[in-house]
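Only the coordinates and a few stated rules stand behind these numbers; no lab work does. Keep in mind the model is a prediction, meaning the values are calculated, not measured. In this analysis, Cβ positions are derived from the backbone assuming ideal geometry, glycine residues included, and neighbour counts consider all displayed protein chains.
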Amino acid sequence: MENALVDVRNVTKDFYVGKIVVHALRGLDLAVHEGDFLSIVGPSGSGKTTLLNLMGALDVATGGDVRVFGRQLSTLSRRKRAELRLKMLGFVFQAYNLVPVLTARENVEFVLELQGVGSERRDRATSILEELSLGELVDRKPSEMSGGQQQRVAVARAVASRPRLVLADEPTANLDSKNAEMLLQMMRQLRDEQGMTFVFSTHDPLVVSYASRVVTLRDGTVVSDESKN
Ligand SMILES: Nc1ncnc2c1ncn2[C@@H]1O[C@H](COP(=O)(O)OP(=O)(O)OP(=O)(O)O)[C@@H](O)[C@H]1O
Ligand SMILES: [Mg+2]
């Protein structure tokens with residue numbers, strides 16, 4: 001489909017556990033469009049994390065075709081996939097994954113450094129944290145922040161290089177509803193003001209209520225795809 005940021009076509013993913021094959025994805029189709037605020041839902045084991053990992057070039061499909069920004073991932077080397085992840089994508093995981101010995105600002109700076117940003121990275125890190133109303137946390141280490149604050153810093157870090165696409169696997173799983181709401185408002189601000197596209201998996205009805213589109217998986221395929229508003 002035209003202008004799809006991510007195009008997943010007839011994708012299968014098998015995992016081998018000893019001699020047993022688990023068919024995690026079974027011929028799944030999904031096109032993600034610019035500006036989507038897309039929530040992937042479905043029972044435990046339905047394939048949400050597997051799908052996000054494929055879209056994020058963290059893993060490779062067994063069959064079918066995954067295109068991200070028009071590039072067919074199966075044709076890319078491991079190194080090219082790593083480069084695509086670093087330069088074009090933002091990731092948010094359930095367990096915030098901040099570096100414990102670094103402050104919030106240093107965590108953001110660290111990722112900008114990996115992305116090749118030069119001496120302006122300190123200012124860039126400060127400004128993204130301030131823009132997302134996290135200015136008072138810049139000098140705090142993860143152990144000095146609440147879970148909600150850590151997750152908001154993790155989102156700031158994921159978007160510091162202005163990726164076009166942010167993938168989040170159960171981003172609110174460890175948060176209470178107030179913190180979850182703050183996180184969602186922040187992500188929606190980034191979508192509305194900067195046109196970033198978000199895809200998140202969730203079991204959380206609050207997250208679903210914020211989504212512009214809800215895709216339901218069951219047994220490794222899409223069983224419904226609903227756009228709201
Ligand atoms: N590395 C792996 N090795 C073997 N099986 C796996 C692996 N990863 C996932 N699976 C299996 O693939 C299926 C889909 O798993 P997946 O983690 O994508 O589900 P999910 O929808 O994210 O579930 P949850 O809501 O519990 O996070 C499950 O049957 C799971 O056991
Ligand atoms: Mg999962």
Completion exercise
note: the range 1-99, Cα-Cα separations exceeding 17 Å make up a percent value of 54 percent
Exercise for the section: Mind giving me the nanometre distance, one decimal, between the label points for Arg140 and Leu86, set 7 Å out from Cα along Cα→Cβ? Expected result: 3.1 nm
Exercise for the section: Would you list, by chain and number, the aspartates and glutamates whose Cα falls below 14 Å from the Cα of Lys228, excluding same-chain residues fewer than 8 positions away? Expected result: Asp36
Handout entry: Gain upon complete extension [Gln189, Gln115; 0.36 nm per residue less C-alpha separation]
Key = 24.3 nm
Fill in the blank from the handout: About its Cα centre, the range 4-227 carries a charge dipole, from +1 on Lys and Arg Cβ atoms and -1 on Asp and Glu Cβ atoms, whose size in debye to the nearest 20 is 780 debye
Exercise for the section: Order by neighbour count: His33, His23, fewest other Cβ atoms within 10 Å first, most last. Expected result: His23, His33
Exercise for the section: Take the Cβ-Cβ distance between Ser77 and Arg9 as r, set R0 to 25 Å, and report the resulting FRET efficiency rounded to the nearest 0.05. Expected result: 0.70
Fill in the blank from the handout: Full extension between Glu130 and Val21 adds, at 0.36 nm per residue less the Cα distance, a length in nm of 34.5 nm
Problem - Cut-off of 10 Å, at most 10 other beta carbons, DSSP loop: longest stretch of the chain lacking such GluC sites (Glu not before Pro) - result: 3-119
Problem - FRET E, pair Thr62, Leu206, Förster distance 25 Å, beta-carbon r, rounded to 0.05 - result: 0.15
Practice task
Round to a whole angstrom and tell me the spacing of the C-alpha centers of the range 138-164 and the range 202-229.
Solution key: 26 Å
Handout entry: Within straight-line cross-link reach of Lys48, lysines at Cα separation under 16 Å, skipping those fewer than 8 residues along the same chain
Key = Lys13
Completion exercise
Farthest towards the positive end of the dipole of the range 10-56, among His23, Gly47, Phe37 and with Cβ unit charges of +1 on Lys and Arg and -1 on Asp and Glu, lies the Cα of His23
Exercise for the section: Could you work out the Kirkwood radius for the range 4-227, taking every pair of different alpha carbons, averaging 1/r and inverting it, reported in Å? Expected result: 17.9 Å
Problem - All-pairs Cα distance distribution in the range 164-212, expressed in whole percent, bin size 10 Å - result: 27, 61, 13
Fill in the blank from the handout: The relative contact order of the range 8-74, taking Cα pairs under 8 Å that sit 6 or more residues apart, comes to a percentage of 37 percent
Completion exercise
Rounded to one decimal in nm, the spacing of the 7 Å Cα→Cβ label points at Arg164 and Asp123 is 2.7 nm
Problem - Environment charge of Gly220, counting only residues whose C-beta is closer than 13 Å and scoring Lys/Arg +1, Asp/Glu -1 - result: +1
Completion exercise
The simple spin-label model distance between Glu34 and Ala95, using points 7 Å out along Cα→Cβ, in nm, is 3.8 nm
